[in-house]
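What follows is calculated from the coordinates using simple rules that are stated; it is not laboratory data. Here the structure is a predicted model, which means the values were calculated and not measured. Note that each Cβ is placed from the backbone with ideal geometry, even for glycine, and that neighbours are counted across all protein chains shown.
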């Protein structure tokens with residue numbers, strides 16, 4: 001649980017440092033500045049940025065819930081690699097999606113990396129599979145129905161990446 005707690009602490013600290021700065025979200029969130037100004041840290045930094053307290057709390061609750069299980073099951077190093085590499089790849093693929101579909105926004109949050117964890121668990125545990133697929137669809141599309149902006153494509157991309165990694169491992 002040491003990695004999960006560490007990630008939660010880092011997320012909270014970064015949120016506290018950047019919460020009042022729109023500039024920080026634009027610079028450190030994932031957006032077209034990645035290519036235009038060569039802000040190559042964005043795929044990583046965007047995973048630690050959050051829009052508000054609710055966004056942070058929800059993501060950290062999911063990280064604690066699924067992260068503690070996976071960290072125990074696959075070990076500290078594999079878990080950290082799955083979370084970090086999966087999160088960075090999800091950010092990059094989400095940017096490709098945004099650019100190809102004319103979506104001009106900034107991605108912030110840990111949900112792409114979290115979706116990788118959920119996709120990984122969904123393939124590995126057939127007893128949880130249906131529930132996790134339903135969960136990823138709900139967290140991706142229910143907020144849209146309520147008029148809340150959510151990068152549903154990052155959730156789906158992350159879930160698919162996690163599923164693929166689980167297939168390979």
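For the chain, modelled as a GNM whose springs connect Cα atoms under 10 angstrom apart, the maximal fluctuation among 79, 159, 57 occurs at 57.
Taking 10 °C and 1.306 mPa s as the conditions, I'd like the Stokes-Einstein D for the stretch 1-91 in µm²/s, using the Kirkwood hydrodynamic radius from alpha carbon pairs.
Details: Rh = 13.8 Å.
Using the Kirkwood radius from Cα pairs, D works out to 115 µm²/s.
Compared with the direct C-alpha span, the chain from residue 1 to residue 142 gains 47.8 nm at full extension, assuming 0.36 nm per residue. In terms of packing, defined here as the mean over residues of other Cβ atoms within 10 angstrom, the peptides 92-98, 42-48 line up highest first as 42-48, 92-98.
Can you work out the PRE-style zone for residue 125? Point 7 Å along Cα to Cβ, and I want the residues of the stretch 76-93 with backbone N under 18 Å. So the set is 76, 78-80, 82-83.
Nearest 10 degrees is fine. How inclined is helix 152-168 to the longest principal axis of the chain, computing both from alpha carbons? For helix 152-168, the angle is close to 40 degrees.
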